[in-house]
Amino acid sequence: MVPETVAQEPLIRLENLNKSFVLADGGRFDAVRDVSLTVNRGDALGLIGRSGAGKSTLLRLMNLLERPDSGRVFVSGQELTALGKAQLRDARQKIGMIFQQFNLLQNATVFENIAFPLRIHGRHRRAEITERVRACAAIVGLSDRLDHYPAQLSGGQKQRVAIARALAPEPSVLLCDEPTSALDTETTRSVLATLKDINQKLGVTIVIVTHELSVVHALCRQAAVVEQGVLVERLDLEGTAPLAPVSALGRELARQVASAQGGQGVVVPGEGTHGI
Ligand SMILES: Nc1ncnc2c1ncn2[C@@H]1O[C@H](COP(=O)(O)OP(=O)(O)OP(=O)(O)O)[C@@H](O)[C@H]1O
Ligand SMILES: [Mg+2]
């Protein structure tokens, strides 16, 4: 487990973020509206919301893959929104990202895929790279697949390569956008178990976007609900205080947590206390 003192330190701080897109007809769409959010070091936070709610956009604002129109992004105490190109590239080394569709280099082996972020950064000796790639492959259980190409792997194995690649530069946080949506239930379970280990044993903070509440339930200590670009609530899934969700998704999640805990300690406004 991550020590208590470390877990309380903010790793990501979003301040009043706004992001809009210009539409084909010249109109404007507000995808993220005045979102402020803190993610503590060591946390595992699930971002949930309906399709189009703005989850991916919000996640991409955390490493400035999307630039906010206004507001500030801090990671590890550094204001990303104030950095120049080269500094931002360095800061991003500490922010890993994984996607639904894995985004692997098809013509490169598992080894080379994992080594990729270390090679492009150019500051690592060959032996160092080999050692780090082997260590990351071991974390995700792919030590025996280093010479394979992505086409020779299952979906779950591909996502494991993507996780190992994201871990290679020793990030402090892993941003995950629907990482299990392309996987079957059994594979989802094992990939989530790996992510949980990475969070709990390595202390890597995780922010995961998903529309599957079971994913949040399996992995996260915190959940944040996004509706139409607005962060409508945040739930502490492992806290001692009873959950008091206000959004429909929050209530659904609370019900899942309650039934797993034997129905204790959940207050659902307007629906009485659930003591199932
Ligand atoms: N580059 C873009 N140009 C125009 N509109 C965009 C762009 N990117 C996102 N949007 C719009 O912003 C809104 C939020 O998109 P986003 O991808 O963040 O949603 P999401 O919550 O991740 O949805 P999903 O669960 O379907 O992935 C959507 O209505 C989308 O159409
Ligand atoms: Mg999305």
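A short reminder: the numbers here are calculations on the coordinates, not readings from a lab. Predicted model, so just to flag it, every value in this text is computed and none were measured. Virtual Cβ from ideal backbone geometry, glycine too; neighbours counted across all protein chains shown.
Taking only DSSP H segments of four or more residues, each worth -39500 (n - 2.57), what value at 222 nm results for the chain once the sum is divided by all its residues, to the nearest 500 deg cm²/dmol?
-10500 deg cm²/dmol
Amide H of M97: which non-local residues (sequence gap of 5 or more, or other chain) have their own amide H closer than 5 Å, using H built in the peptide plane?
L175
Using only the alpha-carbon atoms of segment 71-205 as identical scatterers, what base-10 log of I(q)/I(0) does the Debye formula give at q = 0.09, 0.12, 0.15, 0.20 Å⁻¹?
One equal scatterer on each Cα of segment 71-205 leads to -0.26, -0.47, -0.72, -1.21.
When only alpha-carbon atoms count, how far does segment 6-124 stretch along each of its three principal axes, as whole angstroms with the largest first?
43, 40, 29
Shape call for segment 205-255 from the C-alpha gyration tensor, a ≥ b ≥ c root eigenvalues: rounded (a/c under 1.5), prolate (a/b greater than b/c) or oblate? Don't skip to the end; give the middle numbers.
Values: a/c = 1.43, a/b = 1.05, b/c = 1.36.
Rounded shape, in that the Cα axes give a/c under 1.5.
Once Rh for segment 126-224 is found with the Kirkwood sum over Cα pairs, what is the Stokes-Einstein diffusion coefficient at 10 °C and 1.306 mPa s, in µm²/s? Could you put the intermediate results ahead of the total?
Values: Rh = 14.0 Å.
Translational D for this selection: 114 µm²/s.
Which log10 I(q)/I(0) values does the chain give at q = 0.08, 0.09, 0.15 Å⁻¹ under the Debye formula, counting every alpha carbon as one identical point scatterer?
The Cα Debye sum returns log10 ratios of -0.34, -0.44, -1.17.
Please report D144, D25, D43, D69 as a ranked list, fewest other C-beta atoms within 10 angstrom at the top and most at the bottom. All intermediate terms of the calculation are to be shown ahead of the outcome.
Details: D144 9, D25 5, D43 21, D69 14.
Ascending Cβ contact count within 10 Å gives the list D25, D144, D69, D43.
How tilted is helix 126-139 with respect to the longest principal axis of the chain? Cα atoms for both, answer in degrees (0 to 90, nearest 10).
Orientation of helix 126-139: about 40 degrees from the principal axis.
Using a 7 Å offset from the Cα along the Cα-to-Cβ direction at both L83 and R125, what is the distance between the two label points in nm, to one decimal?
Result for the modelled spin labels: 2.7 nm.
What FRET efficiency comes out for A135 versus N103 if R0 is 25 angstrom and r is the Cβ-Cβ distance? Round to the nearest 0.05. Please report the intermediate quantities before stating the final value.
Working: r = 22 Å, r/R0 = 0.86.
According to the calculation, E is roughly 0.70.
For segment 189-232, which semi-axes, largest first and in whole Å, follow from the square roots of 5 times the eigenvalues of its Cα gyration tensor? All intermediate terms of the calculation are to be shown ahead of the outcome.
Details: eigenvalues 95, 28, 10 Å².
Result for segment 189-232: semi-axes of 22, 12, 7 Å.
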